[in-house]
Each structure stands twice: as C-alpha cells, then as structure tokens.
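Please read the structure below before turning to the comments.
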Amino acid sequence: MICARLCSIIGADACKHIRRRSLYSAGGGSYWDGVASIAIGVVLGIVAFVLARFSRGLLLGEAANADVRERIRQAMLKHPNVVEVVELLTMHLAPE
C-alpha cells in the first residue's frame, strides 16, 4: 500500500516535470500561458452563451403557451362575476 502511494507520487511528479519541459522546449512558457488563457476564455464564453440561451425565457419573462392560456381563459369565464376576458397576459416566474 505504501509502495503504491509512493510510486504514484513519484510518477505524478515525473509527469509534471516531463510536461513542463516539453512545453517549454516546444515554444516557451509564455506562449502556452497565452494559449491556455484564450482557451479558458473561449470555454467560459461558450458556457455563458449556452446558459443564457437556456434561461432566456426566465430572464425575459416568457408567456405561457396557447393551450395553457386557453385553459386559464375558460377557468376565468366559469366564474360568475366574469363577463368577458378582453386580454390575457401570462408570464412564467419559475421553471416548474
């Protein structure tokens, strides 16, 4: 058990040094730092776009679909004090 842990620590340390040396010899450390920063920025931008796209209806206030609006209208017209529904405006306030 101790031997396995020691081997994994030594192996991880060796891999770290090999990667560091190969990146530095391939083009310099500052080049790869810049590439990594741009890649992280692109990934964060894509994630932000996807999340905004999925939650757009909640952010802007999406209306209920036609079937739900019609059921609401029928429920309102069944009330004895309601004569006519002129305009029905709906807005989702939560996902469920």
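Among the residues of region 42-96, write down those that are aliphatic (A, V, I, L, M) and more than 33 Å from the chain's Cα centre (by Cα).
ALA75, MET76, LEU77, VAL82, VAL83, VAL85, VAL86
Per-residue answers, yes or no, for (1) modelled with pLDDT under 90; (2) exposed (fewer than 10 other Cβ atoms within 10 Å of the Cβ); (3) in a helix (DSSP H, G or I):
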residue	(1), (2), (3)
ALA14	yes, no, yes
SER30	yes, yes, yes
LEU44	no, no, yes
VAL47	no, no, yes
| field | Count of residues meeting criterion [at negative phi, of a type outside the set (D, E, K, R) and not in a helix (DSSP H, G or I)] in region 49-96 | value | 19
| Are there any pairs, at least 6 apart or on different chains, whose C-beta atoms fall under 8 Å, with the first in region 55-78 and in contact (Cβ under 8 Å) with a residue 24 or more places away in the chain and the second surrounded by 10 or more Cβ atoms within 10 Å (Cβ to Cβ) and polar (S, T, N, Q), and if so, which? | ALA63/THR90; ALA64/THR90
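The values are calculated or read from the model by the stated rules, or taken from the named source; none is laboratory data. Predicted, not measured: the structure shown is a model, and the values here were computed from it. Because the Cβ atoms are built from the backbone with ideal geometry, glycine has one as well, and the counts that use them run over all protein chains shown.
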